[in-house]
Every structure is written in C-alpha cells, then in structure tokens.
Amino acid sequence: MPWKVGPWGPRSRAGTDRAPPTSVGSAAEREAQLACKQCGAVLGYAPGTDTLECAYCGHRNPVRVVETEIVEHCLDNALADGLGSAPVEETRTVKCNSCAAEFTFDPTTHAGSCPFCGHSIVQDTGIHRQIKPAALLPFLLTDREAKERVRHWLQNLWFAPDKLKTYARDQGRLSGVYLPYWTFDSKTRTRYSGRRGDYYTVPMQVRVRVDGKMVTRTRNVQKIRWRPAAGETSRFFDDVLVLASRSLPTWMTDRLEPWDLMGLQPYTPEFVAGFQAEAYQLGLDESFETAARKMREVIARDVRQAIGGDVQEVHRMDIQHRDRTFKHILLPCWLGAYLFGGRSYHLCVNARTGEVQGERPYSWVKIGLALLAAAVVAGIAAGIFLASQ
C-alpha cells in the first residue's frame, strides 16, 4: 500500500503556579543530550520501553525521568496575562504549505513529507516559542504493530472494494506524531428550571372494526402529568480533553478515545526523540469553549436525572465555572495515508491502544446489491403477512 509520510509517572494535580516563564534549553543543547555516546547519531525513543535506541549501532540509553509533579495552571490567570505565567519552551518547527500543520523539526532530516497530508515540506519556521507540555503519553505501539492494526482495519471494512484487501497486504509507511491537546478542570454549579413529566393512563372508548363491523372497545391511553421543576446541581470535571489542532478532523481524533490519562508521564524531550510533535494551533480561550460544550452535555444529563420522572423538559441552565485549570499535553499517534482509486485517504492509530480511525472508500456496487436484497426480503415478508390475513 503506497502510504505517504503522511512503569509510568505521577498523576496530575491542580495548581496555580505563578512562577515566571522558563525555557527548557536551546535546540542545540537538547540535540547534544540525545546524541549516541557510541557513534554520535541521534537516539530515538523505543516504543513500549524506558530506553533510547540508536538506529545505526543499536546502543541504548535509559530515559531520564525526572520525578516531578504534573502541575496544572490557573486558566483565568493565563487568559488575563497572555499566558505569561506558564512555562514555555523553544522548538524548531516546520510548516506544511498545503495543510498548514506545524510540527517539530527533526535535526537528522532536512527534507521530507508532511505526516498529515503527505505533501513535501518546504517552509522552515525556525525557532517556535510555545507553552511547554506538562506531560505526555509515551508511544507503546511500534510502527510494525501499528501497520498490522491498519491492515486488519482495512480488511474488515464493510462495503469496501474487494481490491482494498489486496492493498491491505502491501507494505506501507506510518509517521509517529505527538498530537497537541489541552486538558481542562472545572468545578461547576448549575441552577436549572424545567418540567417533570410522569406517565399515567386513562381508559377511553374507541371505535374499532372487528369482523367487518364497527364496535366500541375500552383502551388505556397513556398521558403525561407535568409539574414544574427547579433546583441546583454540581459536578467537578477533571481532564476534559480538547485537541489543539486543525490538522485532523475532530470526528477522527474523537474516535481514538479513550486515552489512558492515568499513564501520563512528566514531559521530557527523550520521549519525543525520533518522533515529531505538532505545535498547538488553537488557543486556550477557543479550546475552553469546546471543553465547556462537552461539559454542558454532561451537565444536561445530570439535570434531567435531578428532575426525575419519566420525561423531562429543561428550560434553563445557568452554569457557573470556578477554579478552572489547564495543562498542555502530547498524545501519541501513528499517521498515514493510502492511495486508492486515484484518491488519498488519511488514517490515524492510537499508539497506546491500537484503535484505528480514518477515511475509507466505498463500493457502491456492494451497497446497491445490499439495498436490493433488503428490498426483496421486505417484499417477501410483506407478501407473507398479507397472505396470512
């Protein structure tokens, strides 16, 4: 398939760290830290291990994990002072002129393809200054394991062209990329008003036809007794995930969930070695609006449960957020694209669980035959029913 390049640490704790911004060092310093002591090549993180491995001589170094707390920062302060209180880092990034994705620059590669769309990268943005990730989930699946998951996914697609199974047996190429996410915590209190509906039945006289004659029968008819409802509910939201990128469709990345956020590791450059990390494109204010919509859906279910009854109508929800915190994290994916029928289809693999999501072709011939078969079955069933009357 011609794809294009396209033991874990402590749990996070909410905080309002007001320390001044700090840098994790220059790109040159980080490159020196990741150099192989045996041959001088750049080491890469070996997925599923706690070591860095040299692709040339096989030398391995242990990953230096600093026992540090994963601190969350006050969102209100960050929005008020322009992120001035959050630690920052400097990374060298490149930008794809086709899809606008911006991601870390691999010092061993001076030309390549975008892992998101496969187009050649021609624009070097230089040093990029951004909020330092607080934590990440290291890669667990190797590229070989990810390719096997993709082949299995392609072979089991419903209504896919038969030739796609042949493509699934071919070798392809995947790119390991850390996607940028924000997580948000918030204590919410919601005042609501609405109506509670309870079912009850009443007997009613109805006219029905029996043996060709109209007769009167008594039937129980369901009705709803409404009464007003109002009250207050509260909920604490922890680690509401929001993708801070526009490079991939949200329907695709949402289906990669759930992520095992209990395995978050304090951020260290060693885990990113050999992979690319996309720079975030969405800011905190826009991203929290997305998180708030997710929270509102959960709160609406809480309100309906609090109202009770058989059915509910929610007329108003006044949601208050307080003690809002955030952190920037990186989550690992294998990205790729395959060509079929002259069109490129993109896919991504959760590098922790192996969940595969992506675009796919359909065989309209198979869909048409399935609809025809369904119509034939429905016609036979209707004929049997009419014959029995």
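The values are calculated or read from the model by the stated rules, or taken from the named source; none is laboratory data. Please read all numbers here as calculations on a predicted model, not as lab measurements. Here the Cβ positions follow ideal geometry from the backbone for every residue, glycine too, while neighbour counts run over all protein chains shown.
What the table shows:
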item: Given (1) out of contact with any Lys or Arg (no Cβ under 6 Å at 6 or more places or on another chain); (2) among the aliphatic types (A, V, I, L, M); (3) closer than 30 Å to residue 200 by Cα, number of the condition residue 248 does not satisfy; result: (3)
item: Candidates 206, 202 - the one that is more than 40 Å from the chain's Cα centre (by Cα) and at pLDDT below 90; result: 206
item: Subset of the range 260-290 [farther than 28 Å from residue 80 by Cβ and either in a helix (DSSP H, G or I) or polar (S, T, N, Q) (or both)]; result: 262, 263, 265, 268, 269, 270, 271, 272, 276
item: Some residue of the range 120-132 being out of contact with any Phe, Trp or Tyr (no Cβ under 6 Å at 6 or more places or on another chain), aliphatic (A, V, I, L, M) and modelled with pLDDT of 80 or more; result: yes
item: Residues located in the range 130-152, provided they are assigned to a loop (DSSP other than H, G, I, E, B) and in contact with a Lys or Arg (Cβ under 9 Å, 6 or more places away or on another chain); result: 133, 134, 137, 138, 139, 140, 141
item: Subset of the range 160-194 that is part of a loop (DSSP other than H, G, I, E, B) and surrounded by 14 or more Cβ atoms within 10 Å (Cβ to Cβ) - its residue that is modelled with the highest pLDDT; result: 174
item: Hits in the range 271-293 (condition: among the small types (Gly, Ala, Ser) and in contact with a Ser or Thr (Cβ under 7 Å, 6 or more places away or on another chain)); result: 277, 279
item: Flag for residue 330 being more than 12 Å from residue 181 (Cα to Cα), under 19 Å from the mean Cα position of the chain (by Cα), in the same structural domain as residue 144 (by TED's automatic domain parsing) and surrounded by 15 or more Cβ atoms within 10 Å (Cβ to Cβ); result: no
item: Tally, over the range 205-256, of residues that are assigned to a loop (DSSP other than H, G, I, E, B) and either touching a Ser or Thr at 6+ places or on another chain (Cβ under 6 Å) or under 30 Å from residue 332 (Cα atoms) (or both); result: 8
item: Residue among 293, 316 that alone is under 27 Å from residue 187 (Cβ atoms), outside any strand (DSSP E or B) and of a type in the set (Lys, Arg); result: 293
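Yes or no, residue by residue, for (1) under 24 Å from residue 266 (Cβ atoms); (2) among the acidic types (Asp, Glu); (3) modelled with pLDDT under 80:
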| site | (1), (2), (3) |
| --- | --- |
| 55 | no, no, yes |
| 64 | yes, no, yes |
| 69 | yes, yes, no |
| 74 | yes, no, no |
| 89 | yes, yes, yes |
| 94 | no, no, yes |
| 98 | no, no, yes |
| 104 | yes, no, yes |
